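Chemist: Quick one: structure below, then a few questions.
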Amino acid sequence: MDYIFAVARIRYKEMSLLTSQFLERLIACETYKECLSLLNEKGWTEAESNKDINALLQAQRDQTWAYIAELVDDTSKFDVFKYANDFHNLKAAIKLACTNVEVENVFNYHSSISPDVIYQAVKQQDYSLLPEYMASAAQKAYDELSINKDGQMCDVIIDKAALEAILKAGGEADDEVIAFYAETTVACADIKIAARCAKMSKPASFITQALAECNTLNIAELSSAATKSFDDVCAYLSTTIYSEAANALRSSFSEFECWCDNYIIERIREQKYNSDTLGPIVAYMIAKENEIKVVKIILSGKLNELKTESIRERLRQMYV
């Protein structure tokens, strides 16, 4: 596919992305209502009429996915961004099936597999309805919860399968931005898992089951470090391309998550100078999700009456 026209449209759309300067204005607002008014001026037209944060942010996601569908013929290239929702829906389906309760609004609908299909597969124990990369994990996770009553292991199995699906999609992608996003997402998740396991003194058997293989980390060495101590995890990171993450991790998990998001944004900025590949469109998708995350941080901070500095510390770098 020739992406020149699509990229030209993305260049125009990038002009509406929020800047760091705008975010400072948003933080300076006295009230949550003032934040909504300012967002409305910036093009978040649903902000004034929608006081529910999650609904407001979902509206932005809906608009973004609709726009991507206008630009590309095959949106399956973007499934790597949907796998987190797919596996979230699998968790929800298993918990609903095991508890025999009906709960509304538990599924995410920007997914590559219909939540209804996932729920029926679990409820009927017919995993042939699911793609191969999900079927085995679904059955194992269901058994852990229904037979062994082990909710934690159920989550571990699903989370690892999600990471493996993301990495596989990145490896098969023609676009380098998707490949980079997938690899970095899995690596950052592995680092966080290892650090948490070290803090909680989890056994080697648990850590091995939780970590997913990736190309930029030696999982055996990371796992070994996690069985020893949190400091050993940080020491191992200092030998990898994620060495700068160690200081963020030592500060807090929140700071580490911020570092991960900033790392991705910094690396994809070069796509602003690309004009004939899928890369700029993928970069816009990542940038928009990053923007939505930052707006949520600010709005939640305003609702909870957090101090301005506390909110600012959690902000991410912006794409534009």
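The values are calculated or read from the model by the stated rules, or taken from the named source; none is laboratory data. Here the structure is a predicted model, which is why all the values come from computation and not from measurement. Using ideal geometry, Cβ is built from the backbone for each residue, glycine included, and neighbour counts are taken over all protein chains shown.
Chemist: Just checking, which of 14, 46, 102, 70 is touching a Leu at 6+ places or on another chain (Cβ under 9 Å), of a type outside the set (S, T, N, Q) and more than 27 Å from residue 306 (Cβ to Cβ)?
Modeler: On inspection, the qualifying residue turns out to be 102.
Chemist: Let me ask something additional. Select from the stretch 51-68 the residues that are modelled with pLDDT of 95 or more and small (Gly, Ala, Ser) and list them in ascending order.
Modeler: Scanning the stretch 51-68 gives a single hit, 66.
Chemist: Which one is modelled with the lowest pLDDT, of the residues in the stretch 71-122 that are of a type in the set (D, E, K, R) and surrounded by 15 or more Cβ atoms within 10 Å (Cβ to Cβ)?
Modeler: By that ranking, first place goes to 77.
Chemist: Take the stretch 136-147 and flag every residue that is more than 18 Å from residue 210 (Cα to Cα) and touching a residue at least 12 places away in the same chain (Cβ under 8 Å).
Modeler: 146, the sole residue that qualifies.
Chemist: For the stretch 132-159, how many residues meet the condition of being part of a helix (DSSP H, G or I) and either closer than 17 Å to residue 79 by Cα or among the hydrophobic types (A, V, I, L, M, F, W, C) (or both)?
Modeler: 14
Chemist: I've got another one for you. With respect to residue 155, is the statement that it is crowded, with 17+ Cβ neighbours inside 10 Å, among the acidic types (Asp, Glu) and within 27 Å of residue 279 (Cα to Cα) true?
Modeler: no
Chemist: Can you tell me how many residues within the stretch 13-60 are exposed (fewer than 12 other Cβ atoms within 10 Å of the Cβ), more than 24 Å from residue 285 (Cα to Cα) and of a type in the set (Gly, Ala, Ser)?
Modeler: Result for the stretch 13-60: 2.
Chemist: Now for a separate question. Going by what's in this entry, would residue 180 be described as part of a helix (DSSP H, G or I), among the aromatic types (Phe, Trp, Tyr) and within 30 Å of residue 74 (Cβ to Cβ)?
Modeler: Criteria met by residue 180.
Chemist: Kindly state which helices (runs of 4 or more DSSP H) lie completely within the stretch 1-116 and contain at least 1 residues that are within 24 Å of the chain's Cα centre (by Cα) and either hydroxyl-bearing (Ser, Thr, Tyr) or within 30 Å of residue 161 (Cα to Cα) (or both).
Modeler: Those helices (runs of 4 or more DSSP H) span 20-28, 53-71, 83-99.
Chemist: Give just the number: which of (1) under 25 Å from residue 82 (Cα atoms); (2) loosely packed, with under 15 Cβ neighbours inside 10 Å does residue 68 not satisfy?
Modeler: Every condition holds for residue 68 apart from (2).
Chemist: Now a separate question. Working only within the stretch 183-215, note down all residues that are part of a loop (DSSP other than H, G, I, E, B) and surrounded by 14 or more Cβ atoms within 10 Å (Cβ to Cβ).
Modeler: Result: 202, 211, 212, 213, 214.
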